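S.K.: Below you'll find the structure I mean.
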Amino acid sequence: KAGVTQTPRYLIKTRGQQVTLSCSPISGHRSVSWYQQTPGQGLQFLFEYFSETQRNKGNFPGRFSGRQFSNSRSEMNVSTLELGDSALYLCASRPTGLEGTSPLHFGNGTRLTVT
Amino acid sequence: QKEVEQDPGPLSVPEGAIVSLNCTYSNSAFQYFMWYRQYSRKGPELLMYTYSSGNKEDGRFTAQVDKSSKYISLFIRDSQPSDSATYLCAMSGGWKGGGNKLTFGTGTQLKVEL
């Protein structure tokens, strides 16, 4: 079974631009979460989607947004990029919405560099 | 103070050694506990997943959870150079325990030397 697929793997953007990252979950997984990983803060939760609905949101500014499509694929968008948004953005999926009964499986991430 | 504390290392051990990795936490709502392994330029890979207190063994890996002390451990027996990676503990309260999001430790960098 294919794992979580994230595209693109690497992105370089300029301050003030916006960016869209894409995630395809493991087949059959309906819950998708996004995390930001930086050397200073580690992994921090951005948001979680299930059946096209955002069910939980982390403590990030409104410039960070996401959505989920009917096929469970997800995108996240960051507008008005800042230097501090440079990070590895990780997408993860779990089999169902059964809370806490199945762990997250991560993709290899999109490395975003803001210059 | 962070909700989850983890010694960042680096931790260097000889091949064949027993490795002990630990995390402490402060949120008593956490009841699902995970260990992930992350190689350079890769995403975290799930190693162990446990619910509530107790031990779980899978091959060379043993996970222990002591909820009374708010302390979790991962033991790696007969460590191999291929175990060299960053190990992340993660935990969740589940939907009823404050949300389904994972809270991670900062990760411990492990190097197993020949």
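The values are calculated or read from the model by the stated rules, or taken from the named source; none is laboratory data. If you're wondering where the values come from, they're calculated on a predicted model, not measured in any experiment. Here the Cβ is made from the backbone with ideal geometry for all residues, glycine too, and neighbour counts use every protein chain on show. With ligands, DNA and RNA removed, areas are computed over all heavy atoms of the protein, side chains included. Shrake-Rupley method; radii C 1.70, N 1.55, O 1.52, S 1.80 Å.
S.K.: Which value, in debye to the nearest 20, describes the size of the charge dipole of region A:34-115 about its Cα centre when Lys and Arg Cβ atoms bear +1, Asp and Glu Cβ atoms bear -1, and nothing else is charged?
M.R.: Result for region A:34-115 is approximately 60 debye, rounded to the nearest 20.
S.K.: Only Lys, Arg, Asp and Glu count, each charged at its Cβ (+1, +1, -1, -1), so figure out the dipole size of region B:1-99 about its Cα centre, rounded to 20 debye. Don't skip to the end; give the middle numbers.
M.R.: On the way: 10 positive and 10 negative charges, 59 e Å.
Roughly 280 debye for region B:1-99.
S.K.: From zero outward in steps of 10 Å, how is the percent of C-alpha pairs of chain A spread across the bins?
M.R.: Calculated P(r), rounded to whole percents: 15, 50, 29, 6, 0.
S.K.: If you don't mind, another one. Among B:14-21, B:60-67, A:10-17, how do they line up by average Cβ neighbours within 10 Å per residue, starting with the highest?
M.R.: Result, highest mean Cβ count within 10 Å first: B:60-67, B:14-21, A:10-17.
S.K.: Other chains near A:37-43: what is the mean number of their Cβ atoms within 10 Å of each residue's Cβ?
M.R.: Average per residue, whole number: 5.
S.K.: Express the relative contact order of chain A as a whole percentage, based on alpha carbon pairs under 8 Å and six or more residues apart in sequence.
M.R.: Value for chain A: 36 percent.
S.K.: Next up: List the residues, sorted by chain then number, that are 5 or more residues from B:Ser84 or on another chain and whose placed amide H is less than 5 Å from its amide H.
M.R.: Answer set, sorted by chain and number: B:Val112.
S.K.: Gain in length, A:Leu83 to A:Tyr10, computed as 0.36 nm per residue apart minus the alpha-carbon separation, to one decimal in nm?
M.R.: Value of the extension gain: 24.7 nm.
S.K.: Which FRET efficiency value, to the nearest 0.05, is calculated for B:Arg41 and B:Asp78 with the Förster distance at 30 angstrom and r the Cβ-Cβ distance?
M.R.: That gives a FRET efficiency of 0.70.
S.K.: List the pairs from A:Lys13/B:Lys111; A:Lys13/B:Lys42; A:Lys1/B:Lys42; B:Lys67/B:Lys101 whose alpha-carbon separation is above 26 Å, in the order I gave them.
M.R.: Values: A:Lys13/B:Lys111 34 Å; A:Lys13/B:Lys42 21 Å; A:Lys1/B:Lys42 18 Å; B:Lys67/B:Lys101 19 Å.
Distance filter (> 26 Å) returns A:Lys13/B:Lys111.
S.K.: Sticking with the crude label model, points 7 Å out along Cα→Cβ, report the distance from B:Ser53 to A:Phe60 in nm, one decimal please.
M.R.: 3.7 nm
S.K.: Which is farthest toward the positive dipole end of region A:35-110 among A:Leu104, A:Gly62, A:Tyr35, measuring Cα position about the Cα centre, with Cβ charges +1 (Lys, Arg) and -1 (Asp, Glu)?
M.R.: Selected residue: A:Leu104.
S.K.: Another question, if that's okay. Let me know the shape class of the protein assembly as shown, please: from the alpha-carbon gyration tensor, a ≥ b ≥ c as square roots of the eigenvalues, rounded when a/c is under 1.5, otherwise prolate if a/b is greater than b/c, or oblate.
M.R.: Note, shape of the protein assembly as shown comes out prolate.
S.K.: Can you pull the mean other chain C-beta count within 10 Å for peptide B:35-42?
M.R.: Taking all residues of B:35-42 together, the mean is 3.
S.K.: Now a separate question. How big is region B:1-93 along each principal axis, measuring the range of its Cα positions in Å and listing the largest first?
M.R.: That works out to 36, 26, 20 Å along the principal axes.
S.K.: Under a GNM of chain B (C-alpha, springs under 10 Å), which listed residue has the highest mean-square fluctuation: B:Lys56, B:Lys101, B:Lys42?
M.R.: In this elastic network of chain B, the residue with the biggest mean-square fluctuation among B:Lys56, B:Lys101, B:Lys42 is B:Lys42.
S.K.: So what are the ³J(HN,Hα) numbers for region A:105-112, from phi and the Karplus equation (6.51, -1.76, 1.60; θ = phi - 60°), rounded to whole Hz, Gly and Pro as x?
M.R.: These are the phi-based 3J(HN,Hα) values: 10, 9, x, 8, x, 10, 8, 9 Hz.
S.K.: Which cross-chain or sequence-distant (5 or more) residues have an amide H under 5 Å from the amide H of B:Met48, H modelled 1.01 Å from N in plane?
M.R.: Answer set, sorted by chain and number: B:Trp35.
S.K.: Let me ask something else. Sort A:His29, A:His105 by heavy-atom solvent-accessible area, probe 1.4 angstrom, most to least.
M.R.: Of A:His29, A:His105, the descending order of accessible area is A:His105, A:His29.
S.K.: Evaluate peptide A:52-62: per residue, the Cβ atoms of other protein chains within 10 Å of its Cβ; return the mean as an integer.
M.R.: Whole-number average of other-chain Cβ neighbours for A:52-62 is 1.
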